[in-house]
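Report on the structure given below.
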Amino acid sequence: MKPSLEQKVWMYEHMLVSRYYEQAIEKIYLEGKSPVFNMAKGTIPGEMHLSNGQEPCAVGVCAHLHDYDIITATHRPHHQAIAKGVDLKRMTAEIFGKKSGLSGGRGGHMHLFDPAVNFSCSGIIGQGMGPAVGAALSRKLQNKPGVAISYIGDAASNQGAFHESLNLAAVWKLPVVFVVEDNAWGISVAKETSMSVTHNAVRAQSYGIPGVFVPGNDPVAIFEAAGEAITRARNGEGPTLLDLETYRLAGHFMGDGEDYRPAGEKAALAEKDPILVFEQTLLNEKVITSDENEQMKKAALSRIEEAVEFARSSDYAPAEEAMDFVFV
């Protein structure tokens, strides 16, 4: 299943929006955090996990999805949210902690929920796998359309929820696809020091389901593998595990010194920046022209400027609403 020209352009456009969005968020996040870095200070307090470099994992899968399909994402969710169609203005307001945010500013960037497109994420490692299995089960029991996509990082595969979820999904033959974004690091722990297998795709065999390793951080290759997995799920053939090689171009979180990385690793990864590689591919294949490329970049930046302005101009919830939606 190869992407059409329109789908290639769609993937590239959403990769641009994701990258430019995070560049804007990174700049805003640092406001009020100098001269001494304190993540509790500034316009956006709290932790911040950027997904720059991992954009292909989002667009290659989400190009196949509809609003009624479900995504449970990770604590590094911006690229996935953007590709799934989460409201960018309300998402930005949520990250700013504003009342106009997706959850009234109560969740922040690791807890984005948009029921309009069935998107959710969590800061707990592997937490979304069980809910994805439950969502897939609900679709099957109610005979409703929709597949569930559960994104995790490679380190989450060592959690008990990973094995429990794969087992139940396989036993019940559920319409769910597990997507491992393998950036080779679990915070500061290298994958080879914490995993007994080279690729998580191997682990799928233990549960009698297909496991597909996709190297190269290539949106087209991911699109093709995801298309087969999602088609299997829609046809009632059960789950698949996709193990996607990707690259984390930044630290685990904003403020991460990254002294655990081998010398030269970041520079080498920057040379393989998936957006620059895909951009050149589309230009070489004449899928887009240089003028069209510049227009897409300007459109992406304009959309992000509007979202940031919406968030900045929105109000915080009044203090008297602090206990609303809190169950005691």
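The values are calculated or read from the model by the stated rules, or taken from the named source; none is laboratory data. This structure is a prediction, so every number in the text was calculated from the model and none was measured. Don't worry about glycine lacking a Cβ; one is built from the backbone with ideal geometry, like all the others, and counts go over all protein chains shown. Just the protein is used for accessible areas: all its heavy atoms, side chains included, with ligands, DNA and RNA removed. Shrake-Rupley method; radii C 1.70, N 1.55, O 1.52, S 1.80 Å.
About its Cα centre, the dipole of the range 97-176 is roughly 340 debye, where the only charges are +1 on Lys and Arg Cβ and -1 on Asp and Glu Cβ.
Over all distinct Cα-Cα pairs of the range 68-147, the Kirkwood formula returns a hydrodynamic radius of 12.8 Å.
Residues in the range 1-127 average 36 Å² of solvent-accessible surface per residue, probe 1.4 Å, ligands and nucleic acids excluded. Surface composition of the range 185-322: carbon plus sulfur atoms hold 51% of the accessible area, using a 1.4 angstrom probe and ignoring ligands, DNA and RNA.
For the range 150-276, taking the reciprocal of the average inverse distance between every pair of different Cα atoms yields a Kirkwood hydrodynamic radius of 15.5 Å. Rounded to whole Å, give me the distance from the Cα center of the range 32-89 to that of the range 167-183. Comparing the Cα centres of the range 32-89 and the range 167-183, I get a distance of 22 Å.
The dipole here belongs to the chain: it is taken about the Cα centre, uses +1 on the Cβ of Lys and Arg and -1 on the Cβ of Asp and Glu, and is about 620 debye. Rg/Rh, computed from the Cα trace of the range 241-328 with Rh as the Kirkwood radius, has the value 1.15.
In terms of distances greater than 21 angstrom between alpha carbons, the cross-link table entries K27/K297; K2/K298; K8/K272; K89/K298; K266/K297 yield K2/K298; K266/K297. In terms of overall dimensions, the chain has a Cα radius of gyration and Dmax of 19.4, 59 angstrom.
With the alpha-carbon atoms of the range 1-120 aligned to their principal axes, the span from lowest to highest coordinate is 51, 26, 20 Å, starting with the largest. Mean projection of the Cα convex hull over all viewing directions, computed for the range 269-317: 5.1 nm². Just the number, please: percent antiparallel of the DSSP beta bridges in the chain, rounded to the nearest 5. That works out to approximately 15 percent antiparallel.
Using the average count of surrounding beta-carbon atoms within 10 Å as a protection proxy, the listed peptides 53-61, 255-263 rank, highest first, as 53-61, 255-263.
Mean Kyte-Doolittle of at least -1.0 and a Cα length of 27 Å or more along the axis: which whole DSSP H helices of the chain meet both? Long hydrophobic helices here: 5-29, 290-313. Using a 1.4 Å probe on the protein heavy atoms, what percent of the accessible area of the range 102-167 belongs to carbon and sulfur? Summing carbon and sulfur atoms, their accessible area is 57 percent of the total for the range 102-167.
Of P45, H66, H79, which is farthest on the positive side of the dipole of the range 37-137, counting Cα position, with +1 on Lys and Arg Cβ, -1 on Asp and Glu Cβ, and the Cα centre as origin? Of the options given, the answer is P45. Rg then Dmax, both in Å and based on the Cα atoms of the range 132-173: 11.2, 34.
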